Amino acid sequence: DVKVTQSSRYLVKRTGEKVFLECVQDMDHENMFWYRQDPGLGLRLIYFSYDVKMKEKGDIPEGYSVSREKKERFSLILESASTNQTSMYLCASSPPGLASNEKLFFGSGTQLSVL
Amino acid sequence: SQQGEEDPQALSIQEGENATMNCSYKTSINNLQWYRQNSGRGLVHLILIRSNEREKHSGRLRVTLDTSKKSSSLLITASRAADTASYFCATDREGGFKTIFGAGTRLFVKA
């Protein structure tokens, strides 16, 4: 089974801190995604990457950046955390080609609270 | 931007009853997927239906797709307490790499 592992289940940070959320997948997937989930809004795409060192903005990239130095690892960076970035963050991966948007494999999520 | 909109937002039923959730979307799609999320966890893929398919089954799940109405439904038959979760529809978008999710339906199955 595909395993997508997010480094922290819960995280509490202070306003202005630089925050790193890490995600690792073990199925050699080319595509990796970061979503945030807020009540009533569903999942919104922040950034995605379809190859090492490649990244594309999603729908809500402001205040975030990403890093993909290795195929299995996709990091989400909050440059200066703000309270409106308190949310559940979900990492996902998918295989390449036509199947890239047919089935996403998700990690368990990181609940981030910014105080 | 949300592509899929689920209806109802919340649903409470008795164990053994059927649960039906609906999803509407705005633009043309290649496929539509349904995912399940247990409380506070990640999403798990349940089933995919392609735009040229009208109905698909997987165990107790039945999914229909009506591209003329831009809508889909997920039916869970003979529901169990363990089916209690949030259910999301998701669609692809041009560019191939983006999957867009709706806000979800929260299903509560009472034992």
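The values are calculated or read from the model by the stated rules, or taken from the named source; none is laboratory data. As the structure is a computational prediction, the values presented were derived from the model and not from experiment. Cβ placement follows ideal geometry from the backbone for every residue including glycine, while neighbour counts extend to all protein chains displayed.
One table, with the values for the structure above:
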read-out: All strands (runs of 3 or more DSSP E) inside segment A:31-115 with 3 or more residues being within 21 Å of residue B:47 (Cα to Cα); value: A:31-38, A:42-49, A:87-94
read-out: Segment B:6-33, residues that are assigned to a loop (DSSP other than H, G, I, E, B) and under 14 Å from residue B:88 (Cβ atoms); value: B:8, B:9, B:25
read-out: Of all residues in segment B:1-23 being of a type in the set (Asp, Glu) and modelled with pLDDT of 95 or more, the one that is surrounded by the fewest Cβ atoms within 10 Å (Cβ to Cβ); value: B:17
read-out: Subset of segment A:1-51 that is surrounded by fewer than 13 Cβ atoms within 10 Å (Cβ to Cβ) and without any contact (Cβ under 8 Å) to a residue 24 or more places away in the chain - its residue that is nearest to residue A:107 (Cα to Cα); value: A:1
read-out: Residue that is modelled with the lowest pLDDT [pool: residues in segment A:7-52 that are among the aliphatic types (A, V, I, L, M) and out of contact with any Leu (no Cβ under 9 Å at 6 or more places or on another chain)]; value: A:41
read-out: Members of segment A:17-30 that are away from chain B (no Cβ under 14 Å) and assigned to a loop (DSSP other than H, G, I, E, B); value: A:17, A:18, A:26, A:28
read-out: Residue that is nearest to residue A:3 (Cα to Cα), among those in segment B:31-46 that are without any contact (Cβ under 8 Å) to a residue 12 or more places away in the chain and of a type outside the set (Val, Ile, Thr); value: B:42
read-out: Unmet requirement for residue B:111, which otherwise passes all of (1) loosely packed, with under 15 Cβ neighbours inside 10 Å; (2) in contact (Cβ under 8 Å) with a residue 40 or more places away in the chain; (3) out of contact with any Asp or Glu (no Cβ under 6 Å at 6 or more places or on another chain); value: (3)
read-out: Residue count for segment B:24-66, restricted to those that are facing chain A (nearest Cβ under 10 Å), β-branched (Val, Ile, Thr) and either more than 28 Å from residue A:88 (Cβ to Cβ) or loosely packed, with under 12 Cβ neighbours inside 10 Å (or both); value: 0
